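*Asks:* My questions all concern the structure below.
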Amino acid sequence: MQESFTVGWGTLALINAAIAQSKNRSGAMWLATSILIGPLATAILVLLPRYEATPEDEAKKLKIEKMLGYVNIVLVALIAIAILVAIARKYFA
C-alpha cells in the first residue's frame with residue numbers, strides 16, 4: 001500500500017511540474033512544492049493564471065543567468081583544484 005501511495009504522489013508531482021511549465025512557471029519549484037503538499041499544489045496550480053513576463057522580469061532573469069554562469073565557472077574551478085590537490089597528495093605525500 002505504501003509503495004503505490006509513494007508512486008502516485010511522485011507521479012502527481014511530475015504532472016504538477018508539467019502544468020506549471022505550461023503556465024510559464026517554475027517546474028522545479030512546483031515539483032518540490034508538490035512533493036510537500038501534493039493535491040493542494042494541484043488545486044493552487046489549476047487556479048493560478050498563466051504568468052506573463054514583463055520586460056523588467058526578463059532583464060532580471062538575464063542578470064541572474066549571467067551571475068549563475070560566473071558561479072558555475074568558479075565551482076568548476078574549485079572542483080578541478082580539489083581534484084588536483086587530491087592527486088598531488090596521493091602521489092607526492
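No lab work stands behind these numbers, since they all come straight from the coordinates. None of the values given here were measured: they were computed from a predicted structure. Counting neighbours? That spans all protein chains shown, and the Cβs are built from the backbone with ideal geometry, glycine included.
*Asks:* Could you check, for region 39-46, whether at least one of its residues is under 23 Å from Asp57 (Cα atoms) and in contact with a Pro (Cβ under 8 Å, 6 or more places away or on another chain)?
*Replies:* Checked region 39-46: no residue is under 23 Å from Asp57 (Cα atoms) and in contact with a Pro (Cβ under 8 Å, 6 or more places away or on another chain).
*Asks:* Considering only residues of region 25-74 that are within 16 Å of Gly10 (Cβ to Cβ) and hydroxyl-bearing (Ser, Thr, Tyr), which is farthest from the chain's Cα centre (by Cα)?
*Replies:* Thr42
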